[in-house]
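Please read the structure below before turning to the comments.
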Amino acid sequence: MKSLAYALMFLVLGWILPVQAADVTEPTQVVEQMTDSVLTVLQKNEGRPVDRALKKEVANIILPHIDFTTMSQYVMAQYWRQMTSAQQDQFVKLFKKLLVKTYSNSLNHYHGQRVEITGSQQISQNPPVAQVNMVIQQPDGGPDIPVIYALLQQGNTWRIYNVYIDGVSLVLNYRQSFGEIAASRGIPALLRDLKAKVDD
C-alpha cells in the first residue's frame, strides 16, 4: 500500500500546466490542472509499458515546478547550515535526480485510480504557504489514500515543496534517513551515497 501511495504521488505531482505570468494561479487550480493533465496522459498510456521517453517527458515537466531548493533545506534541517555552498548545490542536484528517478519509475503503478480534491487552506501569509487536500480512490474499492500538498508562493507561481501521502511526509521521511547518515558518517559520505543511488 505504501509503495502504491508513493507511486501515485508522482502521478499527480508530475504534470503541472504552465501558469500565466500576469496572474497568480491559486494553489487549488495548480493541483486541479496537474491532476487532469497526468490522468489524461496515463489513461492514454494505460496497458502499455512506461518507457524512457515518457519518463523523460515527466522529468522535463516536473523540474521547473517543484521547489527543490526549499525541499532540500527542509530535508537536511540543521545539517543544511553545516554544508558549504558547493555541497548544498550538489545535494539539490542529486536529490532532484533521486526523486525523478524513484518516482518516474513508479508510474507503472497506475491502474485506473481516480483523484478527488477535498479542500484547501492558507497555512501562513509570510511566507505565503498553502495546502491542498485530495484523495486517491482505488478502482478495486480499496481504501482511499489521502494526499496533502504543501505549496509555497514564489512571485506569481505556487510551487510544491512537500507532500504528505497517507500521513507520511516526504520531507520528514528523507530527513530521517539522510540525517542518520550525516550524523554518523558525515555530509561527504551522504553525498557519495546519494550519487551512488542516482548513478545505479
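Of all the criteria given as (1) touching a Ser or Thr at 6+ places or on another chain (Cβ under 9 Å); (2) open to solvent by 20 Å² or more (accessible area, probe 1.4 Å); (3) touching a residue at least 24 places away in the same chain (Cβ under 8 Å); (4) not polar (S, T, N, Q), the one not satisfied by V41 is (1).
Checked against the criterion of being modelled with pLDDT under 90 and touching a strand residue (DSSP E or B) at 6+ places or on another chain (Cβ under 9 Å), the candidates Q122, Q153, Q131, Q138 yield just one match: Q138.
Mind counting the residues in segment 103-120 that are open to solvent by less than 50 Å² (accessible area, probe 1.4 Å) and assigned to a helix (DSSP H, G or I)? The total comes to 4.
Out of curiosity, is V100 over 24 Å from D200 (Cα atoms), β-branched (V, I, T) and not in a loop (DSSP other than H, G, I, E, B)? Can you show your working first?
Details: over 24 Å from D200 (Cα atoms): no; β-branched (V, I, T): yes; not in a loop (DSSP other than H, G, I, E, B): yes.
The answer is no for V100.
Residues in segment 140-158 that are under 28 Å from V92 (Cα atoms) and buried (at least 19 other Cβ atoms within 10 Å of the Cβ): V147, Y149, A150, L151, L152, T157, W158.
Considering Q82, Q131, Q78, Q125, the condition of being over 19 Å from the mean Cα position of the chain (by Cα) and either touching a residue at least 40 places away in the same chain (Cβ under 8 Å) or open to solvent by less than 60 Å² (accessible area, probe 1.4 Å) (or both) is satisfied by Q82 alone.
The number of residues in segment 75-106 being at pLDDT below 90 and not basic (K, R) comes to 7. Of the residues making up segment 159-176, those that are open to solvent by 10 Å² or more (accessible area, probe 1.4 Å) and assigned to a helix (DSSP H, G or I) number 5. Annotation: Q137 fulfils all but one of (1) surrounded by fewer than 18 Cβ atoms within 10 Å (Cβ to Cβ); (2) closer than 18 Å to Q73 by Cβ; the unmet one is (2).
The values are calculated or read from the model by the stated rules, or taken from the named source; none is laboratory data. Source: prediction; values computed, not measured. Counting neighbours? That spans all protein chains shown, and the Cβs are built from the backbone with ideal geometry, glycine included. Each accessible area value is taken on the protein alone, full model and side chains, heavy atoms only, with ligands, DNA and RNA left out. Shrake-Rupley method; radii C 1.70, N 1.55, O 1.52, S 1.80 Å.
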